[in-house]
Amino acid sequence: SLTAHPLPQLNILPGDTILSFGETLELLASGALSYSWSPDAQLSCANCPDPVFTAEESTILTVTGEDGFGCKNSASISIEVLLVDLSFELPNAFTPDGDGANDTFRPLFNGEVFQDFQLLIFDRWGEKVYQSKDPGTGWNGQLDGKPMPSDVFAFFMEYTLMDGTEGTEKGEITLLR
């Protein structure tokens, strides 16, 4: 006699999704005993029910599940990855006067742009007056809590963008009081 077993009923949560570049998404497959994901390049694991997807490019993910009888079935989801504008601007002057506009010197950008970042600022004699690894926190024109006078300062910025592009920027910034 033959026994026919139904195919495993695979489910993937969440369903079709839209993400921004660099975001992560926890996936969960159910309905089988073992799982195999494809393509697995953006996944934290290829043979688990709950990988984490890191959004780098749009893709259709397929999971194949096998039950205890050796029966296999597949299910797919579509993940669209929206690219972030990885551009930024650097002002050439700033006015730390507490009016809420242009009070700090920092790169101007929208969204998640930087993967790695360092900003150094030096006075005219080459003494470091500021250092930061946070692109969202800028120099407020102070040294040791005391306002620096109006002057021209040199800056050096090293960065890695979210897409892996590395670069440096250097130049002068004018502090106006």
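The values are calculated or read from the model by the stated rules, or taken from the named source; none is laboratory data. This is a predicted model, so every value here is computed, not measured. Note that each Cβ is placed from the backbone with ideal geometry, even for glycine, and that neighbours are counted across all protein chains shown. Calculation scope for accessible area: heavy atoms of the full protein, side chains included, ligands and nucleic acids excluded. Shrake-Rupley method; radii C 1.70, N 1.55, O 1.52, S 1.80 Å.
Results, tabulated for the structure shown:
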quantity: Failed item, numbered, when Q118 is tested on (1) touching a residue at least 60 places away in the same chain (Cβ under 8 Å); (2) of a type outside the set (A, V, I, L, M, F, W, C); (3) closer than 26 Å to M162 by Cβ; calculated: (1)
quantity: Complete set of residues in region 157-168 that are open to solvent by 70 Å² or more (accessible area, probe 1.4 Å) and of a type outside the set (S, T, N, Q); calculated: E158, D163, E166
quantity: Among the residues listed as T17, T62, T54, the single one being within 30 Å of G138 (Cβ to Cβ), among the polar types (S, T, N, Q) and surrounded by 14 or more Cβ atoms within 10 Å (Cβ to Cβ); calculated: T54
quantity: Condition check for E80: surrounded by 15 or more Cβ atoms within 10 Å (Cβ to Cβ) and either closer than 27 Å to D163 by Cα or modelled with pLDDT of 95 or more (or both); calculated: no
quantity: Among (1) assigned to a strand (DSSP E or B); (2) open to solvent by 40 Å² or more (accessible area, probe 1.4 Å); (3) among the β-branched types (V, I, T); (4) over 29 Å from F114 (Cα atoms) - the single one T3 does not satisfy; calculated: (1)
quantity: Residues that are in contact (Cβ under 8 Å) with a residue 24 or more places away in the chain and assigned to a strand (DSSP E or B), drawn from region 146-159; calculated: P147, D151, V152, F153, A154, F155, F156, M157, E158, Y159
quantity: Considering residues of region 160-177 that are in a loop (DSSP other than H, G, I, E, B) and among the aliphatic types (A, V, I, L, M) only, the residue modelled with the highest pLDDT; calculated: L176
quantity: Among the residues listed as P149, P96, P107, the single one being open to solvent by 30 Å² or more (accessible area, probe 1.4 Å) and out of contact with any Ser or Thr (no Cβ under 6 Å at 6 or more places or on another chain); calculated: P149
quantity: Output for region 106-126, where each listed residue is in contact with a strand residue (DSSP E or B) (Cβ under 9 Å, 6 or more places away or on another chain) and not hydrophobic (A, V, I, L, M, F, W, C); calculated: R106, P107, G111, E112, Q115, D116, Q118, D123, R124, G126
quantity: Region 13-32, subset at pLDDT below 95 and aliphatic (A, V, I, L, M), residue nearest to C71 (Cα to Cα); calculated: L13
quantity: Residues within region 11-37 that are part of a loop (DSSP other than H, G, I, E, B), over 13 Å from L61 (Cα atoms) and of a type in the set (A, V, I, L, M), tallied; calculated: 2
quantity: Subset tally (residues that are at pLDDT 95 or above and either under 15 Å from the mean Cα position of the chain (by Cα) or of a type in the set (V, I, T) (or both)) for region 137-159; calculated: 2
quantity: Any hit, region 127-136, residues being modelled with pLDDT under 95 and within 30 Å of L43 (Cβ to Cβ); calculated: yes
quantity: Region 134-145, residues that are part of a loop (DSSP other than H, G, I, E, B), farther than 19 Å from G22 by Cα and open to solvent by 30 Å² or more (accessible area, probe 1.4 Å); calculated: T137, N140, D144, G145
